[in-house]
Amino acid sequence: MKRLKIALILALALVLALTGCGGSNGDESGTAEKTTISFADVGWDSIKLNNALAGLVAEEVFGYTWQETPGSTPISHEALIKSEVDIHMEEWTNNIPSYAPDLEEGKFTELGINFDDNYQGFYIPRYVADEYPDLNSVQDLAEYPELFPDPEDSSLGIIYGGVTGWEITEIMAKKVELYGLDKFYNYFESGSDAILSAAMTSAWDKQEPIVAYYWEPTWLLGKYDFVLLDDEAYDAEKFQTGYGACPAVTVTIAVSNDFAATNPEYCEFLSRFKMSSAVISETLAYMNETNADYEEAAKWLLSEAHPELIEEWLDEEQATELKNTL
């Protein structure tokens, strides 16, 4: 019995010693512990790509492993506050009513802006814009209904709206009415993104005119050259009535307070992480054309398409390390 107790004590001491050794990342700086980072995943393509990019750097440069935690926009924001997720690569600030007060109260840590050029509105193909240079704005559509004939109503043109049930779809419908375009066009609400994107890609493949609502960043606007029609300046008070351009949303990178306190070097990288809708759309288009997954697309983006991002995000030693792995 005495020998058994001694053996148990020695075994416990060994476990504690190994646990203490395993917490360090093994480099001379002794920075963050090796751990599994949890990224928020709210479901859309751009955040999955951003997670893959930040995850690639986490693995190859900082020695972390990583995973994604699915959830809706409000659920993921609350999970960040509760430290149930570590990192949110796309906090769409205008879409989270509590974002500003939560930030002011110090419930989470904002590290910077990921991108803020996510435009949306009515688009026409570049070949239409080139052929009709006077068609520059949404209001100009009143002069060109015959250019966009409704296949089911030859007396009117057709404007393809957003997806049924989206708030922006209703706002764009109000815009058509407010600007008097309903006298010349039928406004078609698309039942799904698949229906809307199919209409736009089909028109492009046939080099036919089309005017449709869409948004950035998306694979479709990365693959096809569509032009956003001008509108009146954004007016927050009038926007819900359909007046004025759609605002771009500031999309930030945020981390839980716990993660910010214990992982300063990785947070420094995240504070330097910057993307744009154009680069995201370009990469999503690459995925669409090649069937690459998000991790493969992340490697392609940093090794072939935009290797300059590595120097923008990382210091010289870190950048060299990532380049060697790619």
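The values are calculated or read from the model by the stated rules, or taken from the named source; none is laboratory data. Not measured: the values here are computed from a predicted model. Methodologically, a virtual Cβ is constructed for each residue, glycine included, from the backbone with ideal geometry; neighbour enumeration extends over all protein chains shown.
Remark: pairs (first residue in the stretch 147-159, within 21 Å of T169 (Cα to Cα) and modelled with pLDDT of 95 or more; second residue in a strand (DSSP E or B) and among the charged types (D, E, K, R); Cβ separation under 9 Å; 6+ apart in sequence or on different chains) = L156/D150; G157/D150; I158/D150.
On the given criteria, is D293 under 19 Å from the mean Cα position of the chain (by Cα) and exposed (fewer than 14 other Cβ atoms within 10 Å of the Cβ)? Criteria met by D293. Looking at the stretch 281-294, is at least one residue more than 25 Å from V249 (Cα to Cα), assigned to a helix (DSSP H, G or I), of a type in the set (A, V, I, L, M, F, W, C) and free of Cβ contacts under 8 Å to residues at least 40 places away in the same chain? There is no residue in the stretch 281-294 that is more than 25 Å from V249 (Cα to Cα), assigned to a helix (DSSP H, G or I), of a type in the set (A, V, I, L, M, F, W, C) and free of Cβ contacts under 8 Å to residues at least 40 places away in the same chain.
Here is a yes/no grid of residues against (1) surrounded by fewer than 19 Cβ atoms within 10 Å (Cβ to Cβ); (2) in contact (Cβ under 8 Å) with a residue 12 or more places away in the chain:
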site: P70; (1), (2): yes, yes
site: I75; (1), (2): yes, no
site: I81; (1), (2): yes, yes
site: N114; (1), (2): no, yes
site: Y123; (1), (2): no, yes
site: D140; (1), (2): yes, yes
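Among the residues of the stretch 201-212, are any on the phi > 0 side of the Ramachandran plot and modelled with pLDDT of 95 or more? Taking every residue of the stretch 201-212 in turn, at least one turns out to be on the phi > 0 side of the Ramachandran plot and modelled with pLDDT of 95 or more. Scanning the stretch 117-154 for residues that are assigned to a loop (DSSP other than H, G, I, E, B), within 30 Å of the chain's Cα centre (by Cα) and not hydrophobic (A, V, I, L, M, F, W, C) yields D117, N118, Y119, N136. Condition (residue is closer than 19 Å to A52 by Cα, part of a loop (DSSP other than H, G, I, E, B), touching a residue at least 40 places away in the same chain (Cβ under 8 Å) and touching a strand residue (DSSP E or B) at 6+ places or on another chain (Cβ under 9 Å)) applied to the stretch 307-324: is it met by at least one residue? For the stretch 307-324, residues closer than 19 Å to A52 by Cα, part of a loop (DSSP other than H, G, I, E, B), touching a residue at least 40 places away in the same chain (Cβ under 8 Å) and touching a strand residue (DSSP E or B) at 6+ places or on another chain (Cβ under 9 Å): absent. Could we say that E304 is acidic (D, E) and either assigned to a loop (DSSP other than H, G, I, E, B) or surrounded by 15 or more Cβ atoms within 10 Å (Cβ to Cβ) (or both) here? So E304 fails the test. How many residues, within the stretch 83-112, are among the acidic types (D, E) and buried (at least 17 other Cβ atoms within 10 Å of the Cβ)? So the answer is 5.
On the basis of being at pLDDT 95 or above, surrounded by 14 or more Cβ atoms within 10 Å (Cβ to Cβ) and touching a Leu at 6+ places or on another chain (Cβ under 8 Å), does Y127 make the cut?
For Y127, the condition - at pLDDT 95 or above, surrounded by 14 or more Cβ atoms within 10 Å (Cβ to Cβ) and touching a Leu at 6+ places or on another chain (Cβ under 8 Å) - is not met.
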